[in-house]
Amino acid sequence: MYVLAFGHAQIYHLFAASGGELYPKRLKVNSYEFFYITYRCSNCQRTEKTFSIAAKAEINGKPQGRCYKFGELPTYGPPVSPKLIKLIGPDRDEFLKGRRCENQGLGVGAFVYYRRVVENQKNRILGEIIKVSEKIGASSDKIKTLSSAVTETQFSKALDIAKDAMPESLLINGHSPIKLLHAALSEGVHVLTDEQCLELAGSIRVVLSELSERLSQALKDAAELTKALSTLMNKKKS
């Protein structure tokens, strides 16, 4: 039996194996061998995926046997938006643990990790919302409300304070993302099934991701507007 490039994705090609062995690799019959194989993206020639493998041949001389994958690095799953990683800042690792739990169908674990991230980064998230509010000229009352939410130490109360003070540009299909997060995170994990936790965890991740995109876009739009006004005003003076 031979272990060939089994193509995690068509753009990945076999790059290296543990011990510098060349592939195809002839395996022992009825005895597992443990090794690593690494694939490199054939497009960028930089991104790599490494797999931990156990494999054995069952019939000598025939391409037949068993192969198990113990793990892979980077871990399986779609990439997380850099904007979201920037938004959650120091809790990046906690968020990625939640993402792994979600990928593996572990609803309670994913929900708990995501809740912890939002709780820990509550002030950071609200601070970005305040920054957008100031850039777009939101009313002083709304900015004051958001600022009071930052100083509120009780997590649920802070979200409740901030939920109706969102700038319109940050609304998701007309809904305040803070209100959506507040509704999802108010659920007690002990009264939910694992399937319900998994569904809520996915919703929390999607709302956080969309909020990070809208925050980034709103700040970009505000910066472009400021630059355009400055250019036009300077031209008028000249």
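Figure the gain on full extension for LYS28 and GLU119 (residue separation times 0.36 nm, minus the Cα-Cα span) and round it to one decimal in nm. Mind showing how you got there, number by number?
Values: separation 91, 0.36 × 91 = 32.76 nm, distance 5.20 nm.
Using 0.36 nm per residue and subtracting the Cα-Cα distance, I get 27.6 nm.
Quick one: net charge around GLY98, please, counting Lys, Arg +1 and Asp, Glu -1 for every other residue with C-beta under 13 Å from its C-beta.
Values: positive: ARG92, LYS97, ARG99, ARG100, ARG115, ARG116, ARG205; negative: ASP91, ASP93, GLU94, GLU102, GLU119.
With Lys, Arg at +1 and Asp, Glu at -1, the net is +2.
Report the longest stretch of the chain that contains none of the trypsin sites (Lys or Arg not before Pro) sitting in a DSSP loop with at most 16 other Cβ atoms within 10 Å.
On the way: sites that count: LYS28, ARG46.
So the longest stretch without any such site is 47-238.
Over the range 149-219, what per residue volume does the convex hull of the Cα atoms give, in whole Å³? Provide the component values of the computation, followed by the final result.
Working: hull volume 6.4 nm³, N = 71.
Cα convex hull per residue, to the nearest whole number: 90 Å³.
Work out from phi, with θ = phi - 60° and the Karplus expression 6.51 cos²θ - 1.76 cosθ + 1.60, the ³J(HN,Hα) of each residue of the range 70-87, listed in order in whole Hz, and give x for Gly and Pro.
7, x, 8, 9, x, 5, 5, x, x, x, 8, 4, x, 5, 5, 4, 5, 5
Which of [x] 60, 53, 35; [y] 56, 45, 35; [z] 80, 60, 27 is the computed Cα extents along the principal axes in Å for the structure on display?
[z]
Just the number, please: percent antiparallel of the DSSP beta bridges in the chain, rounded to the nearest 5.
Details: 24 of 25 bridges.
Roughly 95 percent of the beta bridges in the chain run antiparallel, per DSSP.
For the range 165-238 and the range 32-102, compute the distance between their C-alpha centroids and round to whole Å.
The range 165-238 and the range 32-102 have Cα centres spaced 31 Å from each other.
Using a basic spin-label model with each label point 7 Å from the Cα along Cα→Cβ, how many nm lie between ARG92 and VAL189?
Between ARG92 and VAL189, the label points sit 2.4 nm apart.
If you build a Gaussian network model of the chain, linking Cα atoms that sit under 10 Å apart, which residue out of SER156, SER81, SER140 swings the most?
Of SER156, SER81, SER140, the Gaussian network model singles out SER140 as fluctuating most.
Within the set LYS28/LYS69; LYS83/LYS179; LYS86/LYS227; LYS163/LYS227, which residue pairs have Cα atoms separated by over 26 Å? Each step should come with its number before you reach the end.
Working: LYS28/LYS69 17 Å; LYS83/LYS179 21 Å; LYS86/LYS227 24 Å; LYS163/LYS227 31 Å.
Beyond 26 Å between Cα atoms: LYS163/LYS227.
Test of understanding: in a Gaussian network model of the chain with alpha carbons linked when under 10 Å, which of PHE95, PHE34, PHE111 would top the mean-square fluctuation ranking?
PHE34
Coordinate-derived values only; no laboratory data. Keep in mind that this is a model prediction, so the values were computed, not measured. Cβ atoms come from the backbone with ideal geometry, glycine included; neighbour counts cover every protein chain shown.
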